[in-house]
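Structure first, then comments.
The values are calculated or read from the model by the stated rules, or taken from the named source; none is laboratory data. Remember, it's a predicted structure, so these values are computed and weren't measured experimentally. Cβ: placed from backbone, ideal geometry, glycine included. Neighbour counts: every protein chain shown.
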Amino acid sequence: MGIATSPEALAERLGQRLKQARLNANLTQTEIAEHAGLSRKVVMNAEKGKGQLLSFIAIMMALNLEQHLDNFLPPQDISPLQLAKLKGKQRQRASSQQHTQSESQLGAQSEDALEW
């Protein structure tokens, strides 16, 4: 997966892996659908890479593969620099560079206004 590719191609690859995991477990799409509380069509779409995230997770759980989700997207620790910058508070949202620069400019303008 190191080669740059489209989101659609990656989704299709994940769907193929999901299908192979189902086949390795010797289960039909209908059986997985019943275990996951989904329709067979939802399972078919997920195996084609056209499923929704919740469906994908439900199918992984039905296949007892949820432990692999941490491999898919490992938990992210807050960086020590961000933690120090936020003075121990955990970051809740990202800010754009443009927004941050505007705040700096506004701060400088307000300081200039106070000096007259």
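Looking only at region 17-60, residues that are assigned to a helix (DSSP H, G or I), surrounded by fewer than 13 Cβ atoms within 10 Å (Cβ to Cβ) and either among the small types (Gly, Ala, Ser) or over 16 Å from the mean Cα position of the chain (by Cα) (or both) come to 5 in all.
Looking across 65, 14, one residue alone is under 16 Å from the mean Cα position of the chain (by Cα) and touching a residue at least 24 places away in the same chain (Cβ under 8 Å). It is 14. Just so you know, in region 1-16 the residues that are assigned to a loop (DSSP other than H, G, I, E, B) and of a type outside the set (Gly, Ala, Ser) include one that is modelled with the highest pLDDT, and it is 5. Filter region 61-77 down to residues that are outside any loop (DSSP other than H, G, I, E, B), surrounded by fewer than 11 Cβ atoms within 10 Å (Cβ to Cβ) and of a type in the set (D, E, K, R), then give me how many there are. Total meeting the criteria: 1.
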